[in-house]
Amino acid sequence: MSELRHDWQAEEVEALLALPFNDLLFQAHQVHRANFPTNQVQISTLLSIKTGACPEDCGYCSQSAKYDTSLERERLLPLQEVVRSAQVAKDSGATRFCMGAAWRNPSDKNLDKVVEMVQAVKALGMETCVTLGMLTDGQAQRLKQAGLDYYNHNLDTSPEFYGQVITTRTYQDRLDTLESVREAGINVCAGGILGLGETRHDRARLLQQLANLRMHPESVPINELVRIEGTPMAANEKLDALEFVRTIAVARIMMPESYVRLSAGRTEMSDEVQAWCFFAGANSIFYGERLLTTGNPGENHDMALFERLGIVPEPGRAPAFV
Ligand code: SAM
Ligand code: DTB
Ligand code: SF4
């Protein structure tokens with residue numbers, strides 16, 4: 001197996017993105033085969049444990065209090081409701097349960113409640129993931145002690161384009177949170193969103209940032225913007241599907257041992273485009289009819305697609321850090 005690289009130059013990444021499509025997909029698929037079972041896809045289910053009224057201004061998000069998106073806000077869900085949802089997800093085949101909260105950062109009181117949720121979901125025999133906004137070192141350590149397997153925190157886009165998407169926290173804030181999570185020994189889940197109006201250069205810079213972290217994130221979600229009425233990005237042009245597939249392929253080449261997750265945006269993607277993404281090296285999806293606040297293909301649809309492609313869900317694994 002080749003050495004993992006952390007010294008990517010933007011020009012190299014752009015050159016990969018610009019390869020003839022067949023050459024790029026062939027290379028990415030070879031990397032995929034060399035590192036993972038070819039026909040297995042890991043499935044995670046999401047639950048929004050605290051919805052809406054977020055003080056941040058992320059220009060794509062239904063949950064920001066700055067935009068009128070007609071989303072009903074909800075308080076932090078009770079523990080039993082979370083456990084019930086996790087059990088349903090487990091029964092339908094998900095191996096990881098990801099809980100998302102619309103916070104800038106969790107208060108210590110709220111973190112106590114999330115710690116209980118993590119412990120209860122783990123007790124069901126599932127892997128756990130949470131995404132709660134920025135964390136301090138101490139908060140990351142508490143989550144680690146609770147047995148948390150993954151923390152999701154995305155860089156979203158390039159450092160240069162970032163300021164046009166979010167103004168209420170900096171790129172460096174995000175890198176600092178990722179470092180706290182890494183330092184605590186929790187698996188890192190970090191990726192971005194395509195279709196924000198960024199250029200190919202920005203996509204290259206996002207991938208460069210992710211791959212040049214001191215360790216590659218174990219999980220790299222690549223989201224396509226779900227255009228939400230009321231947000232500044234509601235009228236964005238849809239990204240060319242082949243450009244999306246190319247970005248997945250380059251992520252696979254640059255981070256050969258990471259799970260690359262085909263994340264938000266699948267409801268607007270044809271089965272054929274998703275099949276290309278799996279060929280290009282995507283090996284994880286969000287499974288279940290809802291993401292956080294928006295829709296996702298139904299479980300029957302996804303299982304039928306897997307069947308047509310000869311793909312099987314990855315069986316539950318012991319987490320890398322225990
Ligand atoms: N509030 C926390 C935070 O931002 O870190 C956690 C939840 S937030 C919804 C998690 C991620 O979902 C964002 O970083 C973004 O990448 C993605 N996301 C949010 N809204 C999206 C949308 N409309 N389309 C695609 N991805 C989206
Ligand atoms: C990630 O990268 N994508 C997920 C998860 N991490 C938390 C969230 C997608 C959200 C899509 C819009 C919504 O449903 O609100
Ligand atoms: Fe808040 Fe997260 Fe949405 Fe940004 S992406 S507005 S931080 S919920």
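A short reminder: the numbers here are calculations on the coordinates, not readings from a lab. As the structure is a computational prediction, the values presented were derived from the model and not from experiment. No Cβ is skipped: glycine too gets one built from the backbone with ideal geometry, and neighbour counts run over all protein chains shown.
A few comments on the model shown:
- Calculated FRET value between Thr168 and Val312, using beta carbons and R₀ = 56 Å, to 0.05: 0.85
- Too-long pairs where the Cα-Cα distance tops 23 Å, listed order kept, from Lys66/Lys109; Lys50/Lys113; Lys90/Lys122; Lys50/Lys238; Lys66/Lys144; Lys66/Lys122: Lys66/Lys109; Lys50/Lys238; Lys66/Lys144; Lys66/Lys122
- Share, in percent, of DSSP beta bridges within the chain that are antiparallel, nearest 5: 5 percent
- Residue-span extension gain [Glu183 to Glu160] - 0.36 nm each, minus C-alpha spacing: 5.7 nm
- A convex hull fitted around the alpha carbon atoms of the chain yields 120 Å³ per residue.
- Centroid-to-centroid separation of region 72-121 and region 145-189 [C-alpha atoms, Å]: 19 Å
- For His29, net neighbour charge (Lys/Arg +1, Asp/Glu -1) across residues whose Cβ lies under 12 Å away: +1
- Distance between the 7 Å Cα→Cβ label points at Arg33 and Glu272: 2.4 nm.
- Cα gyration tensor category, rounded, prolate or oblate, for region 224-313 with a/c compared to 1.5: oblate
- Euclidean distance between Cα centres, region 3-43 to region 235-271, Å: 12 Å
- In the chain, helices alone account for a calculated mean residue ellipticity at 222 nm of -12000 deg cm²/dmol, with every DSSP H run of four or more residues adding -39,500 (n - 2.57).
- Here Ala15 and Arg214 are evaluated by their C-beta separation; at R0 = 25 Å the FRET efficiency comes out at 0.55.
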